[in-house]
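The values are calculated or read from the model by the stated rules, or taken from the named source; none is laboratory data. What you see is a predicted model, and the numbers here were worked out from it, not measured in a lab. All Cβ positions, even for glycine, are placed from backbone atoms using ideal geometry, and neighbour counts span all protein chains on display.
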Amino acid sequence: MPGHQAMDPRFTPDFHSMTKNYQFHSIARTRIPTFDIFAVGLRKHHIAAILEFDVTESRTRLRSLRKNGTNVSFNAWLVKTIARVVQKHPEAAAYLHSKKRLIIFNDINVSMIVEKETGGNKVPMPVVIEKANEKSLSQITQEIQFAREQVVNPSDIVLTRKSTAYQRIYYHLPGWFRRLFWSMLLKIPGAAYKTMGNVAVTSVGMTGRINGWFIHRSVHPVSFGVGSVIQKPVVKNNEIKIREILNMTILADHDVMDGAPMVRFLNDLTQSLETGEEITPE
């Protein structure tokens, strides 16, 4: 044909071989809520604080407790400390109702992400630690361990809780309807609090070493993305010392908390994390 050029055989795609250089892998359906929450979380007016905390003293106190036979984990201490500080600043975990009022719940229920294996895949799933502000470090440690050991059912959305009839059909709904569900849930603070608590903690650092921070997504009023503890040189008392530094990203909903109250909240959190004031013999 006029103007037609033969294709150079060296660059002719071999479609037959192309069909064999990849494989399809199924996605665990327990990851579906993660997709939906991420999509809905993009609509939240979160302020991100990227912080470092010197947890040298706190980790020393934790190690001392373990030597004395107390079963406590670093993540349980984080949950306890965060819950107690939020209790002092309840507006940090408030839900916005009709854009006119804040609903502040008396208890701090912390949704913590743990990694579970289902169908040969490792997936993140939440466990809600109720009244974390009132529980001991040992109690929280046991709840986290129990959640990690729990056998996951195909219909589970939240660990350690029996699935409701609505939750069992959740995975069969189209994506737009599931995201609508989450959007409507957030407009009913009582239902949102009962389902997922009012504080979220995701501790990626417990699965591996991260020399930095990660920006997570959340639908909670306040959430904490916990990285790794790494040794870094720090100036302390006019001397350079090697300290244990925890990386953390905090998302706070600007609809319920302004900048100045957030700074006061972060100051108290820093004080608690760096002194280990919640670490006491039980």
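Observations on the model:
- Residues in region 237-270 that are polar (S, T, N, Q) and surrounded by 13 or more Cβ atoms within 10 Å (Cβ to Cβ) were compared, and the one that is farthest from the chain's Cα centre (by Cα) is T270.
- Entirely in region 1-105, the helices (runs of 4 or more DSSP H) that have 2 or more residues that are within 20 Å of V128 (Cα to Cα) and modelled with pLDDT of 95 or more: 74-88
- Among the conditions (1) surrounded by 21 or more Cβ atoms within 10 Å (Cβ to Cβ); (2) under 30 Å from P233 (Cβ atoms), L62 misses just one, which is (1).
- Some residue of region 242-252 being among the small types (G, A, S), touching a Gly at 6+ places or on another chain (Cβ under 8 Å) and touching a residue at least 24 places away in the same chain (Cβ under 8 Å): no
- Residue in region 224-233 that is surrounded by fewer than 16 Cβ atoms within 10 Å (Cβ to Cβ), touching a Gly at 6+ places or on another chain (Cβ under 8 Å) and in contact (Cβ under 8 Å) with a residue 12 or more places away in the chain present: no
- Matching strands (runs of 3 or more DSSP E) fully within region 176-267 where at least 3 residues are closer than 28 Å to T60 by Cβ and small (G, A, S): 222-236
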